[in-house]
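Comments concern the structure below.
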Amino acid sequence: MTGTLFAISDLHIGYRENREFLEELRPGSAADWLIVAGDVGERFDQITWALGTLRAKYAEVIWVPGNHELWTPQNDPVQLRGEARYQALVERCRELGVHTPEDPYPVWRGAGGPVTIAPLFVLYDYTFRPPGTTTKEESLAVARAAGIVGTDESLLHHDPYPSREAWCAARIELTERRLAQRDPALPTVLVNHFPLHREPTRVLRYPEFAQWCGTERTADWHLRYNAAVAVYGHLHIPRSMVIDGIRFEEVSVGYPREWRPRGGPAGPRAVFPEASAD
């Protein structure tokens, strides 16, 4: 097997420039794989169009949901909410031939392989709290006082769970069971929209936003599950960093206002066995 394992996230194709960027993407080899680490778009038809377009170009596509895919915008004809929306996206991905967190983990056998690619769907539970706060209520109050409130609070519904943190807890338990069943002889590429460790959020311009960015319950997963690399998005701060000797790769494109000063949107990044330069 030849080819390269690439990753990208936060395509946000609701923006015309980002949609055109996606249309122009071309793999370097017919054997290239692409990890899509969430936030493709908001509307159901946008998301499935984008994933289908990418699947037609790459040998394999692996997708995990971001918070934007889980939104239920008023202008979306598909008004499914919460778990039902997620499962409908999973079913559509299966029709397209796109791997999801609900499917058997694919094994990359190209350069550096074999390695298990583990697409994860783990939400957040408000445990990345601002200093001096000890509860979700305190944390949200500090954020509101600073004028920082995640759009998830109005558009990301947690049906049928009583709260987003309850949904997060259920996803963690399910994911831990799945990861425990993987081949322990193989290292992993862990893929989640939200960073699995809090450290990447330390550079946020508005630290209050970190509470919508992950959970402390995954802080040791890169060690516990033998990660060769952890891939994430969400923060719109594309970079590579090392935590406990393991690479964490943020692979987002972001909004046009963010990438224009950098000279253009960043293309897919090679993430295994080594990372491509920014």
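The values are calculated or read from the model by the stated rules, or taken from the named source; none is laboratory data. What you see is a predicted model; the values in this text were computed from it and never measured. Positions of Cβ are generated from backbone atoms using ideal geometry, with glycine treated the same way; all protein chains shown enter the neighbour counts.
Condition first: buried (at least 16 other Cβ atoms within 10 Å of the Cβ), under 19 Å from Asp39 (Cβ atoms), among the aliphatic types (A, V, I, L, M) and under 17 Å from the mean Cα position of the chain (by Cα). Can you find one or more residues in the stretch 241-254 that meet it? Within the stretch 241-254, one or more residues are buried (at least 16 other Cβ atoms within 10 Å of the Cβ), under 19 Å from Asp39 (Cβ atoms), among the aliphatic types (A, V, I, L, M) and under 17 Å from the mean Cα position of the chain (by Cα).
Taking (1) farther than 25 Å from Gln87 by Cα; (2) in a loop (DSSP other than H, G, I, E, B); (3) without any contact (Cβ under 8 Å) to a residue 12 or more places away in the chain in turn, Glu20 satisfies each apart from (2). Candidates Glu83, Glu102: the one that is acidic (Asp, Glu) and either under 20 Å from Arg19 (Cα atoms) or surrounded by fewer than 17 Cβ atoms within 10 Å (Cβ to Cβ) (or both) is Glu102.
Among the conditions (1) at positive phi; (2) outside any loop (DSSP other than H, G, I, E, B), Gly147 misses just one, which is (2). Taken together, Glu60, Glu17 contain a single residue that is touching a strand residue (DSSP E or B) at 6+ places or on another chain (Cβ under 9 Å) and either more than 21 Å from Cys213 (Cβ to Cβ) or among the β-branched types (Val, Ile, Thr) (or both), which is Glu60. All of (1) closer than 27 Å to Gly3 by Cβ; (2) aliphatic (A, V, I, L, M); (3) surrounded by fewer than 18 Cβ atoms within 10 Å (Cβ to Cβ) hold for Ile237 with one exception: (1). Based on what the data block shows, is Leu80 free of Cβ contacts under 8 Å to residues at least 60 places away in the same chain, part of a helix (DSSP H, G or I) and either in contact with a Ser or Thr (Cβ under 6 Å, 6 or more places away or on another chain) or among the aliphatic types (A, V, I, L, M) (or both)? Answer is no for this residue. Within the stretch 108-124, the set of residues being aliphatic (A, V, I, L, M) and surrounded by 16 or more Cβ atoms within 10 Å (Cβ to Cβ) comprises Val115, Ile117, Ala118, Leu120, Val122, Leu123. Would you tally the residues in the stretch 254-271 being modelled with pLDDT of 95 or more, under 18 Å from Gly28 (Cβ atoms) and of a type in the set (A, V, I, L, M, F, W, C)? Matching residues across the stretch 254-271 total 2.
The criterion of at least 1 residues that are in contact with a strand residue (DSSP E or B) (Cβ under 7 Å, 6 or more places away or on another chain) and in contact (Cβ under 8 Å) with a residue 60 or more places away in the chain is met, among strands (runs of 3 or more DSSP E) falling completely within the stretch 170-277, by 188-191, 227-232, 246-250, 269-272. Report yes if some residue within the stretch 173-181 is under 14 Å from Tyr225 (Cα atoms), buried (at least 22 other Cβ atoms within 10 Å of the Cβ) and of a type in the set (Val, Ile, Thr); otherwise report no. For the stretch 173-181, residues under 14 Å from Tyr225 (Cα atoms), buried (at least 22 other Cβ atoms within 10 Å of the Cβ) and of a type in the set (Val, Ile, Thr): absent.
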